[in-house]
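The values are calculated or read from the model by the stated rules, or taken from the named source; none is laboratory data. Predicted model, so just to flag it, every value in this text is computed and none were measured. Positions of Cβ are generated from backbone atoms using ideal geometry, with glycine treated the same way; all protein chains shown enter the neighbour counts. To get the accessible areas, we keep the full protein, side chains included, count just its heavy atoms, and leave off ligands, DNA and RNA. Shrake-Rupley method; radii C 1.70, N 1.55, O 1.52, S 1.80 Å.
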Amino acid sequence: MSRKVAIVTGGASGIGLATCKRFADLGWNVISADLSHTSGDTAPEPDTRTVGVRVDVTDEGDIRRLRDVAEKLFGRVDTVVTSAGTADNAPIRHTTPDRFRRTLELNLVSTFAVVREFVDLLAGDGGGSVVTIASVSGLRGSVDRAAYSASKGGVVALTTQLAIELAGEGIRVNCVAPGSTLTPLASRAQSPEMQSAILQSIPLSRYAEPAEIAEVVTFVAGPGAGFVTGQTWTVDGGQSMTAGWNLAKERHDS
Ligand SMILES: NC(=O)c1ccc[n+]([C@@H]2O[C@H](COP(=O)([O-])OP(=O)(O)OC[C@H]3O[C@@H](n4cnc5c(N)ncnc54)[C@H](O)[C@@H]3O)[C@@H](O)[C@H]2O)c1
């Protein structure tokens with residue numbers, strides 16, 4: 001039987017990169033789809049299970065090309081993980097409607113567009129799975145994150161909707177909602193002061209390692225979770241149980 005195939009958007013960094021590595025360790029072929037890849041589209045060497053494809057997930061033409069590359073290279077897709085995304089920490093007065101739209105475009109609309117493009121391939125092999133990536137900020141309030149929280153709350157709702165709609169075709173759709181995770185994104189978006197305030201809100205008293213999120217993503221994607229669909233798996237060291245970091249301010253990118 002041929003190897004299973006996973007598509008991971010945002011696969012060049014952080015949670016997406018750790019997910020690609022974990023799938024490869026499990027013996028899957030992986031296509032990492034990321035804006036920062038420069039080349040790709042060639043079949044991976046036998047011992048290199050991940051191929052990188054340059055994709056802007058906000059561009060429908062790029063997403064179609066990604067689907068074509070997957071079909072050409074492997075002829076099947078078993079799982080799609082949508083990890084491409086961004087943080088957006090700003091108070092309402094700094095969040096113009098245009099900025100709000102851009103955050104929704106990258107975090108929410110692209111999640112929908114990528115899954116939509118792969119539905120036929122996933123269904124073709126009798127059904128596969130989708131794992132969307134939200135955030136604890138999509139589940140409860142936090143400071144200065146109107147656009148980000150709205151986008152991630154949207155991902156949670158979209159997951160439920162798609163799980164119901166696609167269940168009949170054997171496609172499971174689940175969501176992983178990470179808490180604060182040590183990735184380049186977190187370093188960019190959070191000042192050291194913010195990070196120490198966040199730490200105080202995490203019962204397990206540390207940030208997650210990307211590999212700890214990837215472990216849950218690959219489990220939910222795989223046959224061990226074969227009867228699980230429409231669920232949001234919170235992986236946050238207990239962060240979402242607490243009241244949060246009320247007054248700490250994050251860095252505001254203009
Ligand atoms: N790090 C955290 O604390 C944290 C917490 C909760 C949720 N998340 C979510 O997890 C996901 C991954 O975040 P991360 O921390 O690994 O970030 P990261 O910045 O390390 O990785 C994100 C990747 O997405 C890619 N990307 C960005 N825009 C893209 C586009 N238009 N098209 C294709 N690729 C694009 C980037 O090039 C990068 O490789 C994001 O959706 C983020 O919101 C992260």
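Scanning region 82-109 for residues that are in a helix (DSSP H, G or I), in contact (Cβ under 8 Å) with a residue 60 or more places away in the chain and crowded, with 24+ Cβ neighbours inside 10 Å yields nothing.
Where helices (runs of 4 or more DSSP H) sit wholly within region 178-237, those with at least 2 residues that are within 10 Å of the ligand (Cβ to nearest atom), under 15 Å from the mean Cα position of the chain (by Cα) and not acidic (D, E) occupy 184-189, 210-221. Just one of (1) open to solvent by 60 Å² or more (accessible area, probe 1.4 Å); (2) of a type outside the set (G, A, S); (3) in contact with a Phe, Trp or Tyr (Cβ under 8 Å, 6 or more places away or on another chain) fails for V143. It is (1).
Of the residues in region 69-85, none is within 10 Å of the ligand (Cβ to nearest atom), more than 27 Å from I164 (Cα to Cα) and not polar (S, T, N, Q). Counting just the residues of region 146-183 that are among the small types (G, A, S), out of contact with any Ser or Thr (no Cβ under 8 Å at 6 or more places or on another chain) and more than 16 Å from L104 (Cα to Cα), which one comes out least open to solvent (accessible area, probe 1.4 Å)? Among those residues, the one meeting the criterion is S180. Within region 228-241, one or more residues are in contact with a Cys (Cβ under 6 Å, 6 or more places away or on another chain), modelled with pLDDT of 95 or more and under 21 Å from S151 (Cα atoms).
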